Amino acid sequence: MYTQAMDVGPKEERKAVRSTEEAQLETRFEARIDDGAFIEAKDWMPEHYRKTLVRQISQHAHSEIVGMLPEGNWITRAPTLKRKAILLAKVQDEGGHGLYLYAAAETLGTSRDQMIAALHSGRAKYSSIFNYPTLSWADIGVIGWLVDGAAIMNQVPLTRCSYAPYARAMVRICREESFHQRQGFDALLVMMKEGTDAQRALVQDAVDRWWWPSLMMFGPPDSASTHSTQNMRWGIKRISNDELRQKFVDATVEQAKVLGVTMPDPLLKWNEARGHYDYGPIDWDEFWQVVGGFGPCNKERLAARVKAWDDGAWVREAAMAHARKRAAKEQAA
Ligand code: FAQ
């Protein structure tokens, strides 16, 4: 991309010059990564670094946008005005996160339309977690506590991601996710400490259903993670899938004690020697089924996004027509 257009004669000769130049650029790029420098959009970067960032950032953006659906399902049924206002603000925040992330991915040369087309055609992924249904109000509290909690655990290290536009977007997103996690925990605490037996049972049932999918959010085990080695080398990922999952388990088991709920895992036990909680096996077959498009709500989620896009076509067309009119007026003035 940043090669100089030198006219050096035959095609082969030009190619050789370009590849020597690219090799030098790559060496310089790797040295900057080793020094812990941030890479900006205008800087030279290897094509594979660019591609893997577009893959991860666009998947992350899609997750935020699809992630509005399970909670949006409860806005009209929130139990109090206060809870409704909080939920509205939270769902709106997720939309905002999606937009910062699409913008960060666009700095890498892929348009938002291209990313959205990839989502709608099923080519692009989004987080497995959003393919599970929200069956009761307690699910909304548990999403805040566990799903946003897992998101923060995974995303705080991304504020130090080597690609600066992504890292900057993550700083603001993490601050907002922290409020999301707290409101979820608070909603559950009220149900557990001041609620009826039936409400406490709803919370436990929601924890039973969301615990294992939350652990799956961190991705496959390190041994099966195709991108981890290279992404950690490039400073995109700072902590591995399994390490983050362990940190999440250690933090949430203590929070569960405060709430008075139990995790649905008979093998969950403090291991003094490791200084961590041991936990039972994760059902990776279920994970890959959901990632592959066969989870409980995959079809419904994708259909809702495609419908929203189609229903919004007139708004996009009107905005473009307005922009064209304005540009024409400015040119005429
Ligand atoms: N779901 O080699 P790895 C949120 C795919 S935002 C679906 O380990 P990598 C906020 C992976 O893409 C939640 N697919 O991959 C919120 C790859 O497939 P590919 C989203 C998954 O990239 C809260 C393949 O498996 N957060 O919750 C998943 O090194 C409440 C092999 O995996 C982010 O996206 C999965 N769980 O590590 C919103 C954070 N895991 O692409 C609303 C940024 C893995 O080759 C309400 N992303 N796969 O076709 C990341 O940190 C990473 O991409 C990982 C995966 C950790 C997700």
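The values are calculated or read from the model by the stated rules, or taken from the named source; none is laboratory data. Note that the structure is predicted; figures quoted are calculated from it, not measured. Cβ: placed from backbone, ideal geometry, glycine included. Neighbour counts: every protein chain shown. For accessibility, only protein heavy atoms count, side chains too; no ligands or nucleic acids. Shrake-Rupley method; radii C 1.70, N 1.55, O 1.52, S 1.80 Å.
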With Cα coordinates, the longest principal axis of the chain makes an angle with the long axis of helix 241-259, in degrees rounded to 10, of 30
Degrees, to the nearest 10: 11-34 long Cα axis against longest axis of the chain: 40
Going by Cα centres, segment 76-149 and segment 261-333 are how many Å apart? 6
Please work out how much accessible surface Asp35 shows to a 1.4 Å probe, ignoring ligands, DNA and RNA, in Å² rounded to 10. 130
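Using a 1.4 angstrom probe on the protein heavy atoms only, line up Arg324, Arg83 by accessible area, largest first.
Numbers: Arg324 150, Arg83 30 Å².
Result, largest first: Arg324, Arg83.
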Out of Ala37, Ala313, Ala117, a Gaussian network model of the chain with alpha-carbon springs under 10 Å gives the largest mean-square fluctuation to Ala313
Please list the non-local residues whose amide H lies under 5 Å from the amide H of Ile39, H modeled 1.01 Å from N, same-chain partners needing a gap of 5 or more. Tyr163, Ala164
Cα-based radius of gyration of segment 34-160 once divided by 2.2 N^0.38 Å, which approximates compact folds: 1.19
Cα-based helix-to-principal-axis angle, 47-66 vs the chain, degrees rounded to 10: 40
If you look at just the Cα atoms of the chain, how large are its Rg and its Dmax in Å? 22.9, 82
When the helix-only estimate is applied to the chain (DSSP H runs of n ≥ 4, each -39,500 (n - 2.57), divided by the residue count), what is the mean residue ellipticity at 222 nm, nearest 500 deg cm²/dmol? -21000 deg cm²/dmol
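Once neighbouring chains are kept in place and the probe is 1.4 Å, which whole percent of the accessible area of the chain is contributed by carbon and sulfur?
Working: 10020 of 17460 Å².
Carbon plus sulfur share of accessible area: 57 percent.
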For Tyr277, the residues 5 or more places away or on another chain with a placed amide H closer than 5 Å to its own amide H are Asp250, Asn271
Let me know the longest stretch in the chain that avoids all GluC sites (Glu not before Pro) found in a DSSP loop with at most 15 other C-beta atoms within 10 Å. 41-271
On average, how much accessible surface per residue is there in the chain, in Å², for a 1.4 Å probe, leaving out ligands, DNA and RNA? 52
